[in-house]
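Everything on this sheet refers to the single structure shown next.
The values are calculated or read from the model by the stated rules, or taken from the named source; none is laboratory data. Quantities reported herein were computed from a predicted structural model and do not represent experimental measurements. Here the Cβ positions follow ideal geometry from the backbone for every residue, glycine too, while neighbour counts run over all protein chains shown. Just the protein is used for accessible areas: all its heavy atoms, side chains included, with ligands, DNA and RNA removed. Shrake-Rupley method; radii C 1.70, N 1.55, O 1.52, S 1.80 Å.
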Amino acid sequence: MAAETEPRFPLSRDRILRTALDLADESGIEALTMRRLGQALGFEAMSLYNHVTNKDDVLDGILDLVLAETEPPAPTGDWDAAVRRSAISVHQALRRHPWACPLLFSAAHVRPARLRYMDLLLGRLREAGFSAETTYHAYHVIDGHIFGFSLWETSHTYTAEEVASFEAKFAQTITVDAFPYLHEHARQHFDEGPHREVRAFEFGLDLIVDGLKKIRDAA
């Protein structure tokens, strides 16, 4: 009697994209190829083209999944709360999917959801009473903080072994006598304390939003 084979789940665009998202999160966007995606799904790569056009179509699709996790600025309520909540949601999505940050800046992958977010953010600022000129700068400062901090955070993500190695090198090179303030700062990276209770991204975001409120009130 022939051995029975386990049935395969049928392919669909949604299944392909969600598997691609998992691969990108686990191994990085460079590791995402149509061949590897097909292997993960249990199909030949050519079978995927019945549901997606090409790899760029896959990249656009998984970017849409990432953007679906974000919250655009709410059109009602206090403008500062809406901008803050939206910025935090974008940052959290980029933390979950760090590979997405550079792609979202690519001219080849401009997504409708990203354009809607941009328009809503600009609209909330203009409707809050900021001039077009101030809105121009405020938008770039907010967006720059979200994406710039996310990129910085990704480049400062280390394994436990790397952290232990850094701490050993730190003890040898950044001494309290030679670099007193840098030593104090670096020590905080390794020690627990009240500074751990403050999220640096939100700390910077609050500085930006509070500064914008002062500019608007002064105007």
Does SER47 satisfy the condition of being farther than 20 Å from HIS109 by Cα and without any contact (Cβ under 8 Å) to a residue 24 or more places away in the chain? no
When you go through (1) over 13 Å from the mean Cα position of the chain (by Cα); (2) open to solvent by less than 40 Å² (accessible area, probe 1.4 Å); (3) over 13 Å from ILE16 (Cα atoms) one by one for VAL90, which number turns out not to apply? (1)
Answer yes or no: is there a residue in the stretch 93-102 that is surrounded by 15 or more Cβ atoms within 10 Å (Cβ to Cβ), among the small types (Gly, Ala, Ser) and within 10 Å of the chain's Cα centre (by Cα). yes
Of those in the stretch 115-144 that are basic (Lys, Arg) and in contact with a Ser or Thr (Cβ under 9 Å, 6 or more places away or on another chain), the residue least open to solvent (accessible area, probe 1.4 Å) is ARG124
Name the residue, out of GLU192, GLU167, GLU133, GLU197, that is at pLDDT below 85 and under 30 Å from ASP217 (Cβ atoms). GLU197
Which condition breaks for GLU26 when tested against (1) in contact with a Leu (Cβ under 9 Å, 6 or more places away or on another chain); (2) open to solvent by 20 Å² or more (accessible area, probe 1.4 Å)? (1)
Restricting the first residue to the stretch 16-33 and requiring it to be under 16 Å from LEU63 (Cβ atoms) and touching a residue at least 60 places away in the same chain (Cβ under 8 Å), which pairs with a second residue that is among the small types (Gly, Ala, Ser) and surrounded by fewer than 17 Cβ atoms within 10 Å (Cβ to Cβ) meet a Cβ separation below 8 Å and a spacing of at least six or different chains? ALA24/ALA31
Got a number for residues in the stretch 162-219 being open to solvent by less than 60 Å² (accessible area, probe 1.4 Å), among the polar types (S, T, N, Q) and either under 30 Å from LEU125 (Cα atoms) or assigned to a helix (DSSP H, G or I) (or both)? 1
Exactly one of VAL66, VAL83 is among the β-branched types (Val, Ile, Thr), open to solvent by less than 20 Å² (accessible area, probe 1.4 Å), under 30 Å from ILE215 (Cβ atoms) and within 17 Å of the chain's Cα centre (by Cα), and that residue is VAL83
For residues that are free of Cβ contacts under 8 Å to residues at least 24 places away in the same chain, assigned to a helix (DSSP H, G or I) and either touching a helix residue (DSSP H, G or I) at 6+ places or on another chain (Cβ under 9 Å) or not basic (Lys, Arg) (or both), tally how many sit in the stretch 52-109. 6
I want to confirm something. Restricting to the stretch 13-46 and keeping residues that are modelled with pLDDT of 95 or more and among the hydroxyl-bearing types (Ser, Thr, Tyr), which single residue is farthest from the chain's Cα centre (by Cα)? THR33
Out of curiosity, is ILE146 assigned to a helix (DSSP H, G or I) and in contact (Cβ under 8 Å) with a residue 60 or more places away in the chain? no
